[in-house]
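Q: Let me begin by handing over the structure; questions about it come next.
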Amino acid sequence: DTGVSQNPRHKITKRGQNVTFRCDPISEHNRLYWYRQTLGQGPEFLTYFQNEAQLEKSRLLSDRFSAERPKGSFSTLEIQRTEQGDSAMYLCASSPLGQIYEQYFGPGTRLTVT
Amino acid sequence: SQQGEEDPQALSIQEGENATMNCSYKTSINNLQWYRQNSGRGLVHLILIRSNEREKHSGRLRVTLDTSKKSSSLLITASRAADTASYFCATDEMDFGNEKLTFGTGTRLTIIP
């Protein structure tokens, strides 16, 4: 399967713990995006990378959140000192560098903070 | 914040009927896209319409765009049970290009066999 993959698919953690999610984009895609989706809502943009450079961050991305894409391939999203409000589906997407392309989404990581 | 609002929030129709859902957005855009999301899963791209286009077709899908009203509609003809899903419109703002998408709140479509 050459689609976008995310791991883990589900994560349950206690409040205050740190969690890290991984996203593997489609191999030839230069752009990688992170979104957060809460129940009954559409995805909300968090951040995006072009190759290894993080080019934009949403104000939703507090200082407890950090994302990396060290070699321009896979990406990690870390949440420190998790709060119950962080419970959501975290979606990763990728797209080719170019003009106008749709984004290809992974299955998401569902985070539950207890 | 959510850019768009879909209308209706939920829609139930009989299999074989047509389903129409609408999307309104706030800022000037480059493109508008529609995505489908099955329960608890990732999003799948359906169709993209550029800001200089007014209508586009893809199989059983028909999308219209009215930039003067900042609105779009998605028509699914001859609905099937497999069309049961949530449908989202997504826009990219004219000043920012394709770097990020701003999604609406979604329409939950249920096809009754």
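Q: So in the stretch B:8-20, with the set limited to residues that are more than 10 Å from chain A (Cβ to nearest Cβ) and in a loop (DSSP other than H, G, I, E, B), which one is surrounded by the most Cβ atoms within 10 Å (Cβ to Cβ)?
A: If we take residues in the stretch B:8-20 being more than 10 Å from chain A (Cβ to nearest Cβ) and in a loop (DSSP other than H, G, I, E, B), then B:E15 is surrounded by the most Cβ atoms within 10 Å (Cβ to Cβ).
Q: I would also like to ask the following. For residues in the stretch A:90-108 being of a type outside the set (G, A, S) and surrounded by fewer than 22 Cβ atoms within 10 Å (Cβ to Cβ), which is nearest to the chain's Cα centre (by Cα)?
A: A:P107
Q: For the stretch A:33-47, which residues satisfy the criterion of being out of contact with any Lys or Arg (no Cβ under 6 Å at 6 or more places or on another chain) and surrounded by 15 or more Cβ atoms within 10 Å (Cβ to Cβ)?
A: Listed by number, the residues that qualify are A:Y33, A:W34, A:Y35, A:R36, A:Q37, A:Q41, A:G42, A:P43.
Q: Could you please let me know if A:Q54 is within 10 Å of another protein chain (Cβ to nearest Cβ) and over 30 Å from B:P8 (Cβ atoms)?
A: no
Q: Mind checking which residues of the stretch A:57-111 are away from every other protein chain (no Cβ under 14 Å), free of Cβ contacts under 8 Å to residues at least 24 places away in the same chain, part of a loop (DSSP other than H, G, I, E, B) and among the hydroxyl-bearing types (S, T, Y)?
A: Of everything in the stretch A:57-111, just one residue is away from every other protein chain (no Cβ under 14 Å), free of Cβ contacts under 8 Å to residues at least 24 places away in the same chain, part of a loop (DSSP other than H, G, I, E, B) and among the hydroxyl-bearing types (S, T, Y), namely A:S62.
Q: Considering the stretch A:35-45 alone, what residues qualify as being assigned to a strand (DSSP E or B) and more than 9 Å from chain B (Cβ to nearest Cβ)?
A: Listed by number, the list holds a single entry, A:R36.
Q: Could you tell me how many of the residues in the stretch B:21-40 are crowded, with 16+ Cβ neighbours inside 10 Å and either out of contact with any helix residue (DSSP H, G or I) (no Cβ under 9 Å at 6 or more places or on another chain) or within 9 Å of another protein chain (Cβ to nearest Cβ) (or both)?
A: Qualifying residue count, the stretch B:21-40: 13.
Q: Filter the stretch A:13-34 for residues that are hydroxyl-bearing (S, T, Y), assigned to a strand (DSSP E or B) and without any contact (Cβ under 8 Å) to a residue 60 or more places away in the chain and give the result.
A: A:T20
Q: Can you tell me how many residues in the stretch A:20-34 are facing another protein chain (nearest Cβ under 10 Å) and of a type in the set (V, I, T)?
A: Of the residues in that region, 0 qualify.
Q: Have a look at B:T77, B:T84, B:T91 and point out the one that is under 23 Å from A:Q37 (Cα atoms), of a type outside the set (A, V, I, L, M) and modelled with pLDDT of 95 or more.
A: B:T84
The values are calculated or read from the model by the stated rules, or taken from the named source; none is laboratory data. On a predicted model such as this, the values are computed, not experimentally measured, just so you know. No Cβ is skipped: glycine too gets one built from the backbone with ideal geometry, and neighbour counts run over all protein chains shown.
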